[in-house]
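Data block below; observations after.
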Amino acid sequence: MKKGVCAAYIRRERTKSLLIGPAALLGGAGFFWLEWVTGVLKDVRMLPLAIPIILFCLAAGVYLTTRGLLVLICPERSNLCTFIRAELSEAERALSRRAMLELVERDLERAARFADGRILIGEKWLFVTNSSWKPILRLERLRNVKAHRTKNGRVILKFMDRNNGGPVTREILTSEAGAILACLNWTGKVSGL
């Protein structure tokens, strides 16, 4: 896969899973070992607290490690590909995952960049690299933009589709938010700016 914003996002997703997963496994195993050595697990009163923590750490560790290895072997199995597929039309969903990523990468290569390159607006796609949830949205599905002013005078933008889902930015300057809305030719009323 070519090196672009989607590839970088997938690498970050994979790296997080491959770092946090084994750490959670080691944490769960270490907590179990510590509890076993100190004998706290033999105290019946501690079992309702200790067992769920150990099981949660172990399950999270197995899931994240497996997920990270799967994305390492096949980058097209990442969460980003799932989000992209959800944005495509029925005809475009027949594309392979690699073709989907290349379609988005080509659009974002010549995208307008905002907030130090963390928010990209292409001809067809909006991509927020540090989004708190879904990082990508097809522009034709954009229905609303909500702005929330923070205490320090910055703005958080939420781009919403018809299901009120979409990328949510981290704090950005008010001037950048205005430039983003101007780039989108957004004529809807945006509160908070």
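The values are calculated or read from the model by the stated rules, or taken from the named source; none is laboratory data. No experiment lies behind these values; they were computed from the predicted model shown. Don't worry about glycine lacking a Cβ; one is built from the backbone with ideal geometry, like all the others, and counts go over all protein chains shown. These accessible areas exclude ligands, DNA and RNA; they are computed on the full protein's heavy atoms, side chains included. Shrake-Rupley method; radii C 1.70, N 1.55, O 1.52, S 1.80 Å.
Kindly establish whether Leu137 is part of a strand (DSSP E or B) and modelled with pLDDT of 90 or more. Show your work before the answer.
Values: part of a strand (DSSP E or B): yes; modelled with pLDDT of 90 or more: no.
For Leu137, the condition - part of a strand (DSSP E or B) and modelled with pLDDT of 90 or more - is not met.
Mind counting the residues in region 140-156 that are part of a strand (DSSP E or B) and without any contact (Cβ under 8 Å) to a residue 24 or more places away in the chain?
1
(1) surrounded by 13 or more Cβ atoms within 10 Å (Cβ to Cβ); (2) at pLDDT below 85: which one isn't true of Val37, the others all being true?
Unmet for Val37, out of (1) surrounded by 13 or more Cβ atoms within 10 Å (Cβ to Cβ); (2) at pLDDT below 85: (1).
Answer yes or no: is there a residue in region 88-97 that is in contact (Cβ under 8 Å) with a residue 60 or more places away in the chain and closer than 23 Å to Arg77 by Cα.
No, because not a single residue in region 88-97 is in contact (Cβ under 8 Å) with a residue 60 or more places away in the chain and closer than 23 Å to Arg77 by Cα.
Given the residues Leu103, Leu80, Leu95, which is the only one that is under 26 Å from Leu126 (Cβ atoms), open to solvent by less than 30 Å² (accessible area, probe 1.4 Å) and not β-branched (Val, Ile, Thr)?
Leu80
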